[in-house]
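The values are calculated or read from the model by the stated rules, or taken from the named source; none is laboratory data. Because the structure is a prediction, the values reported are computed rather than measured. Here the Cβ is made from the backbone with ideal geometry for all residues, glycine too, and neighbour counts use every protein chain on show.
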Amino acid sequence: MITQFDVETNGPACHEMTRDVAAWLRGQGDGLLVLMIRHTSASLLIQENADPEVQTDLIGWFDRLVPPSTDPSMRWLTHTYEGPDDMPAHIKSAMLPTSLQIPVQDGRMMLGRWQGIYVVEHRTRPHRRQVAALFQPLS
């Protein structure tokens, strides 16, 4: 079973999609869920979903680690014509997963108690991100 999720983003942030994926899996049996983001400037991440400060701190850390191309420390970048956030977004995407594999039991993802699935937006302007999903039953 294959589907696609569209996730609206509004600049750099973690956008949770756990509920949408869980609803799609409801009624399925045991198997494996594979998610893949169809973009090169955004990522997927399993992360804590209890305290939103975790996501805020992660985005802040990545912004300090890989600042915009206008930052003097990034003057070595050559791919700059799509804006100061573009190449840094590609770098961040290369550092984080772009696909996830999650075991499913009785139609429920086997995530930990405080875990959620996120699209991590690295660009500054809003985007509609597409995440391809495959559920492969065990039998």
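For this structure, a couple of remarks:
- Which listed residue, of Asp63, Asp20, is under 13 Å from Val120 (Cβ atoms), surrounded by 14 or more Cβ atoms within 10 Å (Cβ to Cβ) and among the acidic types (Asp, Glu): Asp63
- Qualifying positions in region 79-97 - of a type in the set (Ser, Thr, Tyr) and either at pLDDT 95 or above or surrounded by 12 or more Cβ atoms within 10 Å (Cβ to Cβ) (or both): Thr80, Ser93
- Within region 1-37, the set of residues being within 18 Å of Glu48 (Cβ to Cβ) and touching a Ser or Thr at 6+ places or on another chain (Cβ under 6 Å) comprises just one member, His15.
- Pro72 being surrounded by 12 or more Cβ atoms within 10 Å (Cβ to Cβ) and either closer than 16 Å to Gln47 by Cα or free of Cβ contacts under 8 Å to residues at least 12 places away in the same chain (or both): no
- Screening region 19-137 for strands (runs of 3 or more DSSP E) wholly inside it with 2 or more residues that are in contact with a His (Cβ under 9 Å, 6 or more places away or on another chain) and within 17 Å of Thr9 (Cβ to Cβ) returns the ranges 42-48, 115-121, 126-137.
- Pair list, Cβ under 8 Å, 6 or more apart: region 37-62 residue touching a residue at least 12 places away in the same chain (Cβ under 8 Å) and farther than 18 Å from Arg113 by Cβ, other residue basic (Lys, Arg) and in a strand (DSSP E or B): Ile37/Arg129; Arg38/Arg129; His39/Arg129; Ala42/Arg129
- Among the candidates Leu134, Leu111, residue that is surrounded by 14 or more Cβ atoms within 10 Å (Cβ to Cβ) and closer than 22 Å to Glu53 by Cα: Leu111
- Qualifying residue in region 58-65 (condition: in contact with an Asp or Glu (Cβ under 6 Å, 6 or more places away or on another chain) and over 19 Å from Arg129 (Cα atoms)): no
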